[in-house]
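Worksheet: one structure, shown below.
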Amino acid sequence: MAPRRNSFVTLLAAAAVFAWALWLRVDGVSRDFWLMQDQVGDWQAVQGSFASLPLTGPAKTGGGTHLGPFYYWWLWLSRQVLAPWTGPLPHAMGVSTSLLDAAAFALLVPAIESAGAPLLASFAATLLAATVPYEAALARAGWNPCFALACLDLALVLLLLGRHRMSLPRAALVAALAWAAVASHLSAIVVALPILACVVAAAGSRGVRAAAVAAATVIGVVLAMQVPWMLAQRGYGTPVWIPGPPGEASLPGRPPAAAHEDAPVAREPATGTGTAVTRTVDAIGSEPSRLLSARGLRFVAVEPPALLLRSLWLPWPVSTALLAAATVLVSAGLVRGRLEPVPAALALLPLAVAAIACGALEAALPSYFAIPLLGPLALLAGLAIASLPARASAICGAALLAATLLGQPHRLEDRRWEHAWRWYGPAVLGAREIAMRGSPVRAVVGPADGAAEQPATSLARWLGATIDPSSTTVARISRDGSVRWTATP
């Protein structure tokens with residue numbers, strides 16, 4: 001009876017993580033959804049048929065686009081499935097990404113427990129990672145790094161749960177999820193590469209031939225998933241929207257003489273500038289030592305633990321020291337044989353790869369580059385506790401859970417003020433009125449508070465209003481959702 005009872009408790013723990021993580025993300029999303037340039041462009045890109053979707057991923061901050069359309073496929077599916085509840089409104093992208101994100105975190109509970117961590121530690125570590133306010137706020141904004149994180153976590157779950165019986169279908173699915181994450185946001189590569197390597201290593205437990213077949217499967221999956229991107233390089237598919245200067249009356253990034261009012265637009269970087277990736281490759285070629293730069297190590301030592309422990313009032317030296325301690329414990333547990341090689345590698349290797357990649361990158365290192373590491377950090381915390389003697393493990397697991405629970409009110413408060421547009425609800429109310437009136441308008445000006453004109457104009461268009469540049473009428477939505485109509489020359 002014990003296994004059944006333990007399985008039931010594990011299920012309850014996973015369900016608790018899912019329920020709280022989802023509520024943390026979607027509570028109030030229909031009132032204060034973060035509708036800014038990225039969201040406007042991405043939601044506009046999925047308004048047509050599936051065949052009209054871009055063949056690449058979203059635009060990269062450092063120039064160029066991400067490597068695959070899977071994020072757009074997810075948004076398009078979200079629009080189809082959630083339409084009965086959200087209508088054509090863009091907060092559907094926040095709801096769907098939050099659902100996927102919360103479900104992936106919840107599944108980490110049994111996955112980390114299967115790697116040898118006590119259930120209490122698995123629950124506490126996963127809950128800690130699932131309730132990071134910054135990541136939760138970005139997930140409810142439907143942002144592609146959080147979609148990538150969910151794909152990584154699902155790949156991590158499948159690999160941990162199936163590491164002793166790595167069939168080819170499972171290997172292919174893990175590879176597909178890991179590469180979908182990379183294609184959706186390139187920062188995911190620091191976790192995806194260790195996952196792909198561990199797929200081969202797990203299959204290798206059955207012999208060299210099994211490892212070779214797994215490696216061929218991984219390579220085949222990655223190449224197949226790059227076909228859309230390669231077609232896009234030859235001019236096929238819809239161009240990707242790229243943000244332009246804020247406050248433009250037309251869709252941000254659209255040239256003044258756009259041929260189609262609703263078409264997303266891609267602008268190539270200026271000749272000779274390249275992208276962050278090409279500049280990095282060139283820099284490594286001329287200076288290979290940058291692969292061992294202290295810049296990447298500093299980023300990994302500070303940003304990921306600070307992100308994981310945000311709202312717990314720990315100064316960065318303390319969070320960095322905790323990361324170092326966990327790394328030492330897992331390494332020692334691996335050496336002593338208390339931990340299995342594959343789970344330990346999945347906890348440690350992403351940090352090492354991230355340190356190398358971030359040190360080499362010829363671009364700024366924003367905090368959201370640490371988001372892909374949340375799953376491995378949860379695994380690291382669980383395995384660090386698992387490496388301790390039984391009594392110390394129980395005490396540390398209980399302490400981690402207590403600290404996580406005590407921090408939840410502060411995490412909820414931090415999530416509420418981060419990446420929330422408080423005028424989204426009134427803007428939707430006013431946009432509905434404009435659409436119901438049926439008269440063409442040149443533009444819709446949203447409520448104040450520094451919001452650009454474009455979000456309100458796009459809301460009205462998605463709800464069925466006619467936006468006509470030749471019209472002399474401008475609709476202005478007030479903070480209470482009422483609409484004023486003004487004539488302009």
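State, to one decimal in nm, how far the label point of Val318 lies from the label point of Thr488, with both points 7 Å from Cα in the Cβ direction.
5.2
Rolling a 1.4 angstrom probe over the protein heavy atoms, how many square angstrom per residue are accessible across the chain? Don't jump to the answer; show the numbers that get you there.
Numbers: 20360 Å² over 489 residues.
The answer is 42 Å² per residue.
Working with all protein chains in place, sort Phe50, Phe70 by solvent-accessible area computed with a 1.4 Å probe, largest first. Walk me through the intermediate numbers first.
Numbers: Phe50 95, Phe70 25 Å².
From most exposed to least exposed: Phe50, Phe70.
Work out, in µm²/s and without decimals, the Stokes-Einstein translational diffusion coefficient of the range 322-373 at 10 °C, 1.306 mPa s, Rh from Kirkwood over C-alpha pairs. Intermediate results must be reported in sequence, preceding the final value.
Numbers: Rh = 12.3 Å.
Diffusion coefficient, whole number: 129 µm²/s.
Which entry in [x] -0.51, -0.79, -1.09; [y] -0.61, -0.89, -1.18; [z] -0.73, -1.07, -1.36 is this structure's computed log10 I(q)/I(0) by the Debye sum over Cα atoms at q = 0.08, 0.10, 0.12 Å⁻¹?
Calculated log10 I(q)/I(0) by the Debye sum over Cα atoms at q = 0.08, 0.10, 0.12 Å⁻¹: the matching label is [x].
With the cut-off at 1.5 for a/c, could you classify the range 301-395 from its C-alpha gyration tensor as rounded, prolate or oblate? Don't jump to the answer; show the numbers that get you there.
Details: a/c = 2.50, a/b = 1.46, b/c = 1.72.
Note, shape of the range 301-395 comes out oblate.
If one computes P(r) from the Cα atoms of the range 347-489, what percent of pairs lie at distances over 26 Å?
On the way: 5714 of 10153 pairs.
That fraction is 56 percent.
Give the carbon-plus-sulfur fraction of the accessible surface of the chain in %, rounded to a whole number; probe 1.4 Å, heavy atoms of protein chains only.
Reported share for carbon and sulfur atoms: 68 percent.
Multiply the residue gap between Ala364 and Arg391 by 0.36 nm, knock off their C-alpha separation, and tell me the result in nm, one decimal place.
Working: separation 27, 0.36 × 27 = 9.72 nm, distance 4.38 nm.
Length gained between Ala364 and Arg391: 5.3 nm.
Can you tell me how much longer the chain between Ala16 and Ser439 gets when fully stretched, taken as 0.36 nm per residue apart minus their C-alpha distance, in nm with one decimal? Could you put the intermediate results ahead of the total?
Details: separation 423, 0.36 × 423 = 152.28 nm, distance 4.85 nm.
Once the chain is fully extended between Ala16 and Ser439, it gains 147.4 nm.
Given the DSSP H assignment, sum -39500 (n - 2.57) over each helix run of at least 4 residues in the chain and divide by its residue total; what's the result at 222 nm in deg cm²/dmol, nearest 500?
Details: 20 runs with 305 residues, N = 489.
-20500 deg cm²/dmol, from helical runs alone.
Once you sort the root eigenvalues of the Cα gyration tensor of the range 113-221 as a ≥ b ≥ c, which label holds: rounded (a/c under 1.5), prolate (a/b larger than b/c) or oblate (the other case)? Intermediate results must be reported in sequence, preceding the final value.
Numbers: a/c = 3.15, a/b = 1.42, b/c = 2.21.
Here the range 113-221 falls in the oblate category.
With r as the distance between the Cβ atoms of Leu291 and Val208 and R0 = 30 Å, compute the FRET efficiency 1/(1 + (r/R0)^6) and round to 0.05. Walk me through the numbers on the way to the answer.
On the way: r = 29 Å, r/R0 = 0.98.
Step by step, r from the Cβ atoms, then E = 0.55.
So how tilted is helix 189-203 from the main axis of the chain? Cα-based, degrees 0 to 90, rounded to 10.
The helix 189-203 is inclined about 40 degrees to the chain.
Any idea of Val240's accessible area? Nearest 10 Å², probe 1.4 Å.
Number for this one is 10 Å².
The values are calculated or read from the model by the stated rules, or taken from the named source; none is laboratory data. Predicted model only: the values in this text are computed from it and were never measured. Quick reminder, even Gly has a Cβ in these numbers, built from the backbone with ideal geometry, and neighbours come from all protein chains shown. Heads up: the accessible areas ignore ligands, DNA and RNA and are worked out on the full protein's heavy atoms, side chains in. Shrake-Rupley method; radii C 1.70, N 1.55, O 1.52, S 1.80 Å.
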